[in-house]
1. Taking region 77-107 as the search range and keeping residues that are of a type in the set (Phe, Trp, Tyr) and not in a strand (DSSP E or B), which one is surrounded by the fewest Cβ atoms within 10 Å (Cβ to Cβ)?
2. Sort out which residues of region 120-144 are surrounded by 14 or more Cβ atoms within 10 Å (Cβ to Cβ), within 22 Å of His64 (Cβ to Cβ) and under 13 Å from the mean Cα position of the chain (by Cα), and write them in order of number.
3. For residues that are out of contact with any Ser or Thr (no Cβ under 6 Å at 6 or more places or on another chain) and modelled with pLDDT under 95, scanning just region 45-76, find the one that is surrounded by the fewest Cβ atoms within 10 Å (Cβ to Cβ).
4. Filter region 89-108 for residues that are of a type outside the set (Phe, Trp, Tyr) and out of contact with any strand residue (DSSP E or B) (no Cβ under 6 Å at 6 or more places or on another chain) and give the result.
5. Taking region 133-148, which residues are over 30 Å from Thr122 (Cα atoms) and acidic (Asp, Glu)?
6. Residue pairs, Cβ under 6 Å, 6 or more apart or interchain, first in region 75-96 and under 13 Å from Phe147 (Cα atoms) and touching a residue at least 12 places away in the same chain (Cβ under 8 Å), second assigned to a strand (DSSP E or B) and aromatic (Phe, Trp, Tyr). List them.
7. In region 108-119, which residue that is in a loop (DSSP other than H, G, I, E, B) and not acidic (Asp, Glu) is farthest from the chain's Cα centre (by Cα)?
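The values are calculated or read from the model by the stated rules, or taken from the named source; none is laboratory data. Bear in mind that the values here come from a model prediction, so they are computed numbers and not experimental data. Glycine gets a Cβ as well: all are built from the backbone with ideal geometry, and neighbour counts include every protein chain shown.
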Amino acid sequence: MRLITRFISHSFLAVLEGLLIATLVIGLIAGSALAAKGGGRDGRTNGSGTVALVLLDSTDGVAHRGQRVTFEVATTASDRPFVGLRCWQGSEWVYDGYVGYFPDYLWDPWFVLDSNYWADGTDAFCTARLFYYDKRGNQKVLTSTDFAVAP
């Protein structure tokens, strides 16, 4: 009887060890596959893209509060690219807007550099991110550009 108990115990431990090894191998394979696809957690992808600022209302080649800006975008990663624009005055967040750069986007294809949070007479700093939404609704950032906004 003792021999049978020892055999069952040993068999159980061997099966458990085999499952542990199989789980580790599957985890390593899946991790390698995600890394090869660029599926990191930081939202970056291996797709390419460019985003360039276009000043619509400026007369002096500088973006100013209250003026409109848009972007020239190009990407091979998606046929529905967006630009997300965020602006700060110092450490204070003052603007957040989104525009789709595809033919059936419903709203205006520009940003107006103004909000209720924007302080008069103070420069701002903006970051425009070119991205698309993946199948799960997550933003996948392709590239970004920064620019200053004068009062």
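1. We begin by selecting, within region 77-107, every residue of a type in the set (Phe, Trp, Tyr); these are 82, 88, 93, 95, 98, 101-102, 105, 107.
Next cut, not in a strand (DSSP E or B) only: 101-102, 105, 107.
Details: Tyr101: 19, Phe102: 13, Tyr105: 13, Trp107: 8.
Checking each candidate, the answer is Trp107.
2. The answer is Ala128, Arg129, Ser144.
3. Asn46
4. Taking region 89-108 and keeping what is of a type outside the set (Phe, Trp, Tyr), we get 89-92, 94, 96-97, 99-100, 103-104, 106, 108.
Result: Gly90, Ser91, Glu92, Pro103, Asp104, Leu106, Asp108.
5. Asp134
6. Leu85/Phe111; Cys87/Tyr95; Trp88/Phe125
7. Initially, region 108-119 is screened for residues in a loop (DSSP other than H, G, I, E, B), giving 108-110, 113-119.
Pick out the ones that are also not acidic (Asp, Glu) and you get 109-110, 113, 115-119.
On the way: Pro109: 20, Trp110: 20, Leu113: 22, Ser115: 23, Asn116: 26, Tyr117: 24, Trp118: 25, Ala119: 28 Å.
In this case the residue turns out to be Ala119.
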